[in-house]
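The values are calculated or read from the model by the stated rules, or taken from the named source; none is laboratory data. What you see is a predicted model; the values in this text were computed from it and never measured. Note that each Cβ is placed from the backbone with ideal geometry, even for glycine, and that neighbours are counted across all protein chains shown. Calculation scope for accessible area: heavy atoms of the full protein, side chains included, ligands and nucleic acids excluded. Shrake-Rupley method; radii C 1.70, N 1.55, O 1.52, S 1.80 Å.
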Amino acid sequence: MKKVVFLMVCLAGALLSSAQSTTFILVRHAEKVEDGSKDPALTKEGIQRSMKLKELLVSQEINAVYSTPYARTKATVAPTAKANDLEVTEYKPMEKGFLKEVLEKHLGETILIAGHSNTIPDLVNELIGDKKYSQLDENDYNYLFIVTVTEIGQGKEVVISY
């Protein structure tokens, strides 16, 4: 419960800090099935984590949801998208200009982005303008990065475990 309250205070503060601030919420996909395939589904724990994410963000208006084109990333954010009556938009994490395009399209809004252990830290680094975060460990599924920006490379981040 303390984490939920903390998250909501951080999000509220970030949103109130500037009328044109945009908030990016970035997560790695939840726990995946180890079946050797290139596109595994979520495990039971992963499905539970996706529901936990939805509950964590329930009082926050989410304006857009982005995911890489994999089952595990889409399934991680699907409950949150559904709760906000949104479609999940696919993106390619290595595509140059992705964050700038999203910022221009959703200026002043809150965006949820799901990615991977090797892509989410890079997106956070791009938003904050610093190489602060490295690839997540294969067993790290619980980090939530909240970055508020007025322009790419000038973001302020908060990281919580959920």
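Counting Lys and Arg as +1 and Asp and Glu as -1, what is the net charge of the other residues whose Cβ lies under 11 Å from the Cβ of T73?
Around T73, the surrounding residues sum to +2.
Taking Cα atoms only, the orientation of helix 71-83 departs from the longest principal axis of the chain by about 50 degrees. Relative to the Cα centre, the charge distribution of the chain, modelled as +1 at Lys and Arg Cβ and -1 at Asp and Glu Cβ, gives a dipole magnitude of about 260 debye. Relative contact order of the range 33-162: 20 percent, from C-alpha pairs under 8 Å at least 6 residues apart in sequence.
Other residues lying with their Cβ under 10 Å from the Cβ of K100 contribute a combined charge of -2, Lys and Arg counting +1, Asp and Glu -1.
Which shape class applies to the range 69-120: rounded if a/c is under 1.5, otherwise prolate when a/b exceeds b/c and oblate if not, where a ≥ b ≥ c are the square roots of the Cα gyration tensor eigenvalues? Intermediate results must be reported in sequence, preceding the final value.
Numbers: a/c = 2.15, a/b = 1.09, b/c = 1.98.
Oblate.
Pairs K52/K82; K32/K100; K32/K54: which exceed 25 Å Cα-Cα? Violating the 25 Å limit, Cα to Cα: K32/K100. Other residues lying with their Cβ under 13 Å from the Cβ of T148 contribute a combined charge of -2, Lys and Arg counting +1, Asp and Glu -1. Between the amide H of S67 and those of T89, E90, Y91, A114, distances stay under 5 Å, these residues lying 5 or more places away or on another chain, with hydrogens modeled in the peptide plane. Across the options S161, S37, V102, the greatest Cα extent toward the positive end of the charge dipole of the chain (unit charges at beta carbon of Lys, Arg, Asp, Glu) belongs to S161.
Expressed as a whole percentage, what fraction of the accessible surface of the range 119-162 belongs to carbon and sulfur atoms when a 1.4 Å probe is rolled over the protein heavy atoms?
In the range 119-162, the share of accessible area belonging to carbon and sulfur is 40 percent.
In order along the range 126-133, the Karplus-derived 3J(HN,Hα) couplings, from 6.51 cos²θ - 1.76 cosθ + 1.60 at θ = phi - 60°, round to 5, 5, 8, x, 8, 8, 7, 10 Hz, and Gly and Pro are given as x.
Per residue, the accessible area of the range 32-141 comes to 56 Å², computed with a 1.4 Å probe over protein heavy atoms only.
Multiplying the residue separation of K100 and S59 by 0.36 nm and subtracting their alpha-carbon distance yields 12.1 nm. Here the 3J(HN,Hα) profile of the range 135-140, calculated from phi with Karplus coefficients 6.51, -1.76 and 1.60 at θ = phi - 60°, is 3, 6, 5, 4, 9, 8 Hz, Gly and Pro shown as x.
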